[in-house]
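A.B. asks: Mind looking over this structure? Questions follow.
Values quoted throughout were computed directly from the atomic coordinates according to the rules given, and no laboratory measurement underlies them. These figures come from a predicted structure and were not determined experimentally. Neighbour counts run over all protein chains shown; Cβ positions are idealised from the backbone, glycine included.
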Amino acid sequence: MLAVIDKEKQELALYSTLPAWFLFHERLGDCGVIELVPRTQVNGSNPGVDRPKDCGAEAAAAGRRRFEVDLGFPITVLTVQELADKELLKRKKDSLRRAIELGAEGARFAQMGTPYFWWFNVTIPGGYVAGKTNPDGYNGGVAWFVGACRDVHQLGRMMVGLAPGLMSAALLFKEAKQTDLLKSLRESMRLLPDGSVPPEVQKALPEIYGDK
């Protein structure tokens with residue numbers, strides 16, 4: 001999150017920085033400077049939030065590139081006056097919690113090597129136009145990005161990250177005697193890198209590893 005404070009209005013605007021994940025997944029090797037750009041004024045147009053803008057090579061970053069990350073309008077705005085409205089504050093907290101969850105999911109996928117994340121691709125001016133903040137939380141819509149693995153190393157990391165979920169599903173299907181569903185996981189689980197499925201689990205799943 002990026003917070004922008006208006007002291008005169010006693011207002012706190014929270015911006016989502018999720019669009020910066022584009023750089024991690026697509027331009028990490030080129031990236032030298034990241035500039036976060038929140039929208040703080042309404043100029044008549046409201047384009048969607050897209051990939052960061054490549055502003056060219058940056059001398060201060062050894063020739064690597066500078067990127068401007070458009071954050072759109074704030075996803076949540078809080079004022080001092082609203083702190084007394086417990087119901088409104090609860091709804092805003094609930095929506096903000098969802099935004100934080102989306103960020104946490106993106107971070108987990110990145111750690112797994114999976115090129116997937118959510119971001120707010122549409123934001124609306126909210127309080128900047130109507131004179132009040134959106135009572136139902138973040139302003140706008142959510143989209144997702146899924147990309148291809150860059151190389152075999154990243155693919156291996158991603159497959160290792162998938163292993164716990166596939167193992168748990170297989171054991172569940174076995175316990176529930178859903179043989180067809182269990183066998184449907186066979187080819188996927190045998191793609192997992194060596195060492196990602198413990199021998200004890202393989203032994204418990206002869207339907208998948210019996211002839212290995």
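A.B. asks: Counting pairs of alpha carbon atoms under 8 Å apart in space and at least six apart in sequence, what relative contact order in percent does the stretch 26-101 give?
C.D. replies: Relative CO of the stretch 26-101 lands at 32 percent.
A.B. asks: Under a plain spin-label model, where a point goes 7 Å from the Cα along Cα-to-Cβ, how far apart in nm are Leu12 and Ala143?
C.D. replies: Between Leu12 and Ala143, the simple spin-label model gives 3.0 nm.
A.B. asks: Which order do peptides 110-121, 71-82, 38-49, 7-18 fall in by mean Cβ count within 10 Å, highest first?
C.D. replies: Going by the mean number of other Cβ atoms within 10 Å, highest first, we get 71-82, 110-121, 7-18, 38-49.
A.B. asks: Report the Cα centroid-to-centroid distance between the stretch 1-74 and the stretch 154-212 in angstrom, as an integer.
C.D. replies: Measuring centre to centre over Cα atoms gives 41 Å.
A.B. asks: 5 Å is the cut-off here: which amide hydrogens, built 1.01 Å from N in the peptide plane, fall below it relative to Leu36, excluding neighbours closer than 5 in sequence?
C.D. replies: Val69
A.B. asks: Moving to a separate point now. Take the residue pairs Lys9/Lys93; Lys7/Lys53; Lys177/Lys203 and return only those whose Cα atoms are more than 28 Å apart.
C.D. replies: Result: Lys7/Lys53 exceed 28 Å.
A.B. asks: Mean separation of Cα pairs under 8 Å and 6+ residues apart, divided by the residue count of the chain: what relative contact order is that in percent?
C.D. replies: 17
A.B. asks: Starting from the Cα coordinates of the chain, work out the convex hull volume and express it per residue in Å³.
C.D. replies: 175
A.B. asks: Check Val122: other-chain or 5+ apart residues with amide H under 5 Å from its amide H, H built from backbone geometry?
C.D. replies: Val49, Gly141
A.B. asks: Could I ask something else about it? How do Cys31, Cys149, Cys55 rank when sorted from fewest to most other Cβ atoms within 10 Å of their own Cβ?
C.D. replies: With the fewest neighbours first, Cys31, Cys149, Cys55 line up as Cys55, Cys149, Cys31.
A.B. asks: Which three extents, in angstrom, do the Cα atoms of the stretch 152-209 have along their principal axes, listed largest first?
C.D. replies: If we take the Cα atoms of the stretch 152-209, the spans are 36, 19, 15 Å.
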